[in-house]
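Worksheet: the structure to be examined is printed underneath.
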Amino acid sequence: MFAVLELSKTQYFLVYNMFSFVVATMGAAFLYFLLTRRDVSPHHRLAVTMSTLICAIACYHYFRIFGNWKDAFTVKAGVYSQTGEFNEGYRYADWMLTVPLLLSELVLVLKLAKVESRKLITQLVLAAILMIGTGYPGEVATASSSRMVWGIISTIPFLFILYVLFVRIGKSLSGQPAGTKTLFDALRYIIIATWGVYPIAYLFGQPGGFAGLNESTSQVVRQVGYSLADVLAKPAYGLIIIAIAVIKSREERYVVA
Ligand SMILES: *C/C=C(C)/C=C/C=C(C)/C=C/C1=C(C)CCCC1(C)C
């Protein structure tokens, strides 16, 4: 069973428009990354390809999420009541694919030694799968206690990921070309700031509401929070990765054909 939400027109359309905005953003980013592939040298292209895939996957899922939101509500006398299931599975299926790609992309663009690279990718991908796989049962739980327990379990691999990124990327900063150092440093903080939004948005899914908000408002905050975080964590992050790859390509005297 699902929690039956009763939303005002403003609340309903805030989420509706947000989802629509994310579909457009992911679609545009997908095309942009596809077209800018040739601006980077061949051995940086895999990272750009990953951004392209990430935005395509997210565009598809947001399209489904958007349609699902429309179908799950019925309007009567200006109140939008939930009359059908809203499937959180789309989001988690999306993350299961995109989060390992986002992490691998970052390691690839660092261009570390092969063995080191492989080890980091393996650790990060496994931690990402654990984080999302344990977050999902919490997201769909109807009891607030199980929501909390799964949320805490999922936070353990999350902290591991942040630790690895921060410390490991920090260590390799000195070996990076001058122009990219500030970008890498910015990327570290952007990851902390945007990825940190997810567990906070998750808290707003608490049955009965969170932070003094009623359940409906709280759920609206959660959906908007996840959506904004996705725009920063996928298209915006991809732009920084491309900027780094372009600088590195120039350093290798790559000329755009
Ligand atoms: C493009 C999608 C991204 C970058 C998704 C990231 C998701 C997270 C960092 C999720 C983290 C969670 C916790 C740390 C605890 C509660 C459950 C999650 C899955 C929301």
Legend entry - ³J(HN,Hα), Karplus 6.51/-1.76/1.60, whole Hz, each residue of segment 155-172, x for Gly, Pro: 6, 5, x, 4, 5, 4, 4, 4, 4, 4, 4, 5, 6, 5, 5, x, 4, 7
Inset, instruction - Could you list, in their original order, any pairs among K181/K248; K181/K234; K111/K171 whose Cα atoms are separated by more than 19 Å? - result: K181/K234
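How big is D for segment 129-212, in µm² s⁻¹ as a whole number, if Stokes-Einstein is applied with the Kirkwood radius of its Cα pairs at 25 °C and 0.890 mPa s?
Numbers: Rh = 14.4 Å.
Calculated translational D: 170 µm²/s.
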Legend entry - Amide H within-cut-off set for F73, under 5 Å, with H built and near neighbours excluded: T83
Legend entry - Within the chain, helix-based [θ] at 222 nm, where runs of 4 or more DSSP H residues each add -39,500 (n - 2.57), nearest 500: -25500 deg cm²/dmol
Inset, instruction - With the convex hull built on the Cα atoms of the chain, state its orientation-averaged projected area in nm². - result: 13.7
Legend entry - Percentage of interatomic Cα-Cα distances in segment 175-257 larger than 16 Å: 61
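For segment 117-257, report the translational diffusion coefficient in µm²/s to the nearest whole number, using Stokes-Einstein at 25 °C, 0.890 mPa s, and a Kirkwood Rh over Cα pairs. Provide the component values of the computation, followed by the final result.
Numbers: Rh = 17.0 Å.
Taking Rh from Cα pairs, D becomes 144 µm²/s.
To one decimal place, what Kirkwood hydrodynamic radius in Å is obtained for segment 1-81 from all pairs of distinct Cα atoms?
Details: mean 1/r = 0.0685 Å⁻¹.
That comes to 14.6 Å for segment 1-81.
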Legend entry - Karplus (6.51, -1.76, 1.60) ³J(HN,Hα), θ = phi - 60°, over segment 94-105, in Hz, Gly and Pro reported as x: 4, 5, 4, 8, 7, 5, x, 5, 4, 5, 5, 4
Inset, instruction - Work out from phi, with θ = phi - 60° and the Karplus expression 6.51 cos²θ - 1.76 cosθ + 1.60, the ³J(HN,Hα) of each residue of segment 11-19, listed in order in whole Hz, and give x for Gly and Pro. - result: 5, 4, 6, 4, 5, 4, 5, 4, 4
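Measuring with a 1.4 Å probe in the full set of protein chains, what accessible area per residue, in whole Å², belongs to the chain? It would help to have the intermediate numbers written out before the result.
On the way: 12040 Å² over 257 residues.
Here the residues of the chain average 47 Å² of exposed surface.
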Inset, instruction - Distance between Cα centroids, segment 19-55 to segment 196-221: provide it in whole Å. - result: 31
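Fully extended, how many nm does the chain gain between E85 and Y189 (0.36 nm per residue separation, minus their Cα-Cα distance)?
Values: separation 104, 0.36 × 104 = 37.44 nm, distance 3.62 nm.
Difference between extended and current length: 33.8 nm.
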Inset, instruction - With just the Cα atoms of segment 49-158, tell me how far they stretch along each of the three principal axes, in Å, largest first. - result: 63, 34, 15
Inset, instruction - Starting from the Cα of K70, draw a straight line to each of the aspartates and glutamates and keep only those under 13 Å, dropping any in the same chain fewer than 8 residues away. - result: E85
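The values are calculated or read from the model by the stated rules, or taken from the named source; none is laboratory data. Just so we're clear, the structure is a prediction, and the values are computed from it rather than from any experiment. Ligands, DNA and RNA are excluded from the accessible area calculation, which covers all protein heavy atoms including side chains. Shrake-Rupley method; radii C 1.70, N 1.55, O 1.52, S 1.80 Å.
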